[in-house]
Amino acid sequence: PLGSPVVIFTRCPMGAVTSLGRSELKYAVQIHPPVHRSLSELTEQMVTVTGAVNFCSSSWQRPGGPSSALQDFAANPLLQPPLGESWVSGPCVLEIDDYVHLWVGISSGILHLVSHDGLSTWTAVEMTVDCPGASRASVTREPKSNVVYLFYEQTDPPQHGFTSTKVKLISAKLPSAAFSAGDWLWSEATEVLQPELEWEKVQVAKVGNPFVVYSSFRDQWLLYYSASSVFRRKDSKNPPPMYIGIAAAPAVEGPYRRINEKPFLGTSEGVPQVIGAGSFKMIKGFDVLNYDEEAGIGRRLLALESRITRSKDSSVSSIALLASADGFSWSLIDANFLAPSAEKSWKKANIHTFDTMIPSFDPDHVFIYYDARDNFKKSTECVGVARIPVVFLESIACTTATRVGAT
C-alpha cells in the first residue's frame, strides 16, 4: 500500500516463468522492483502545473499541421514520471461532480489522480491497481447503476521481462465523495479477454489497450482491443501492438466474445508503411451513431487511433482521426491528427495512448489527454493535454444538413 488507507481488492497475477527468444529479450521491458512512495510523494514528484489556470486562448497553442484547429496546452506536460523512473502513460479520464478523474500507469500499477479544472493541481488519491504491469486503462460509467468500470491491460511478468498481456476489469460503486480515496472500494479483478487467435500471438501473445462503449445500434457493449507486438523498429525498443480487434457482450461486465476472426485495423503497405495499430478509442460526444446509410445523412462516429508508421529507416507513432457509419468499417480522415513535434520537446518522438472528454467547464472543446516521449531510445514519457473545438469535429461527423448551427 502507498501510505494512504485505501482498500484495494485487486491481486497481482504472477505469470508462469517462460523462456524468451533473442528478439523478445532485446525488446522485453526489464522488471525493476517499483519504489513504493506515499501518495503525497507521488503528487509532489509527478504534478508539473500548480495553481489556478486561466482558460484564455493564450493558455493554448496551435502545434500546426493539417488539423490546425487542434490546440496544445501551453504548460504541457501535466504529469511527469516519479523520481528515478522514466515513464507515466496510458491516461484515461472521467468527469464526476465537477472533478476530473485521471488514471495513469506507472511502474507500480495504475494511479488515480483528481483535479478541479482538469489541467492543474492534480492530487494522487489512490493506487487503483496496486500491481506492476497494470497499465493502459479505459474507464466507463454505467449511468443506471452508477457504477464505474475500469478495464486495463495486465502483463504477466516472466523471468526476463513483461511479455504476455490480458485484459482485466475492476468496478466500484460511485462513492458519495468521489474525490476521496477511502470511498473508492474496488472489486476483485476479473479476466475479460486473453490472447487466443493466431493474429493475437504474433511475436508475443498480447491483448490490451481496451476501450469499451455501448452500441445502441447493436444493443451490445463493444470492446475494442489491440493485439500482438511489433519488433521491427530499429529506432525504438518500445514494441507497440500490431492489430485492433472487436469483441461484444450483452452487459458491460461481459462475457465478451469476438465478433470477427480477423482484425479490423492493422498493418498496411504504402508510403509511409503502417507497421502497427495501437490504442483505439471513440471520441467522447461522438460515440453515438445516428446515421442513415441509404440516405447518406446523419452523424457518423469519430475515433482516434495511434498508428505506427515507417518510412525508410525511421518510424513514428502518431494519432489518426477516423470516421465510421457503422462502428466496424472506418475511414481515415487525418493520419497526423496529433503528431510528435519536429523540434526538441516533451513529445518529440512517439505519441501512444490517449483518452477524451468534453468537460463541463469548457463544453465547446473536446479535451484529449495523451502520453508522449521526448526521444526514441533513451527517453522520458509524460502525459499532456490538447483540445479541439466541438464544432470542428461536428463538421466532420455530420453532413451539412445536420451540422451544428446549420440551417
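The values are calculated or read from the model by the stated rules, or taken from the named source; none is laboratory data. From a predicted model like this one, the values you see are computed outputs, not experimental measurements. Every residue, glycine as well, gets a Cβ built from its backbone with ideal geometry; the counts of neighbours run over all protein chains shown. When the accessible area is computed, the model is the full protein with side chains, heavy atoms only, and any ligands, DNA or RNA have been set aside. Shrake-Rupley method; radii C 1.70, N 1.55, O 1.52, S 1.80 Å.
Modelled spin labels at residue 288 and residue 258, positioned 7 Å past Cα toward Cβ, are 3.3 nm from each other.
Rolling a 1.4 Å probe over the heavy atoms of the protein chains gives segment 67-108 an accessible area of 28 Å² per residue.
Magnitude of the charge dipole for segment 70-222, about its Cα centre and with charges confined to Cβ atoms of Lys, Arg (+1) and Asp, Glu (-1), is about 240 debye.
In this structure the amide hydrogen of residue 221, modeled in the peptide plane, comes within under 5 Å of the amide hydrogens of 215, 249, 251, none closer than 5 places in sequence on its chain. Phi-derived couplings, Karplus 6.51 cos²θ - 1.76 cosθ + 1.60 at θ = phi - 60°, listed residue by residue for segment 322-333: 10, 9, 8, 9, 9, x, 10, 10, 10, 9, 7, 9 Hz, with x used for Gly and Pro. With each label modelled as a point 7 angstrom along the Cα→C-beta vector, the residue 391-residue 52 pair spans 2.8 nm.
The label-point distance for residue 216 and residue 268, in a model that sets each label 7 Å from Cα toward Cβ, rounds to 3.0 nm. Less than 5 angstrom separates the built amide H of residue 259 from those of 246, 247, 248, all sequence-distant by 5 or more or on a different chain.
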